[in-house]
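Notes follow once the structure below has been shown.
The values are calculated or read from the model by the stated rules, or taken from the named source; none is laboratory data. Predicted model only: the values in this text are computed from it and were never measured. Using ideal geometry, Cβ is built from the backbone for each residue, glycine included, and neighbour counts are taken over all protein chains shown. The accessibility values were calculated without ligands, DNA or RNA, using every heavy atom of the protein model including side chains. Shrake-Rupley method; radii C 1.70, N 1.55, O 1.52, S 1.80 Å.
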Amino acid sequence: MVIYEDNARLRQSLELLLGEGNDFIISGTFENCDTVLNDIEDCNPHLVIMDIDMPGVNGIEGVRIIKTHYPEVRIVMYTVFDDDNRIFECICAGADGYLLKNTSPLKLIQSLHELMEGGAPMSPFVAQKVFHFFRKQEQPVDDEFKITHREKEILELLVKGNSYKMIADKCNVSMDTVKKHLHNIYNKLHVHCGTEAVAKALQHRIVRLD
């Protein structure tokens, strides 16, 4: 894991929180993305925690650079910004998740684990902004993907920012069943991860938006 955060105290706090007994190995921490390609090459992370507003090369540009050269690296934005423009810039740049800095430590750890399992964690407030943005789009509902009623239910919960465990609880099924459904959904949508599934579901209005 690599952490990009210009606030030294927060950067150290994240190192302490995530570096002890949470299955994460922190291979590097940086205050900006000025040398992002060298950073990723040297540290070889599977996961990046990315702040947005940093001196020099900022987090959004950092995401673009990483995803262009290392598309397999999972990136979660960790920021105070919850305005529409920043959120959608990050998503369009390739971010795999978007968490606000008021996220509890436990929820942060859970979200990072879920991200590595193919999920697309978003703080509920952010998920609602994404949800309402696409709800306004005048696009016909697309049923070409042959998503079943149950799959649509699970996909809608994913779009709204629910974790795998929350989806399992709300649908009264096991986590394994949720993962199986999501695997089928990814195949039908021709995507590889939760973020791509959410984007495509919203773009084609596959899920209910009422």
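So here's what we get for this one:
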| quantity | calculated |
| --- | --- |
| Value of [θ]222 nm, deg cm²/dmol, for the chain, DSSP H segments ≥ 4, -39500 (n - 2.57) each, nearest 500 | -15500 deg cm²/dmol |
| Cα Rg over Rh - region 1-116, Kirkwood | 0.91 |
| Relative contact order %, region 63-115, counting alpha carbon pairs below 8 Å whose residues are six or more apart | 39 |
| Under 18 Å from the H190 label point (7 Å along Cα→beta-carbon), backbone N, region 148-171 | 148 |
| Accessible area per residue, Å², the chain with all protein chains present, probe 1.4 Å | 50 |
| Gaussian network model of the chain, springs between alpha carbon atoms under 10 Å - residue of L112, L158, L18 with greatest fluctuation | L18 |
| Which of R64, R205, R9 is most accessible, then next, and so on - probe 1.4 Å | R9, R64, R205 |
| Region 42-109 pair-distance distribution - Cα-Cα, 5 Å bins, rounded % | 3, 18, 30, 25, 17, 7, 1 |
| Residue with peak Gaussian network fluctuation, the chain [Cα springs, cutoff 10 Å], from G97, G28, G62 | G28 |
| Contact order relative to length of the chain, as percent, for alpha carbon pairs under 8 angstrom and 6 or more apart | 15 |
| Globularity index of region 144-210, i.e. its alpha-carbon radius of gyration over 2.2 N^0.38 Å | 0.98 |
| Hydrodynamic radius by Kirkwood, which averages 1/r over all alpha carbon pairs of the chain, in angstrom | 17.5 |
| N44 versus K170: modelled label distance in nm, points set 7 Å from Cα along the beta carbon direction | 3.9 |
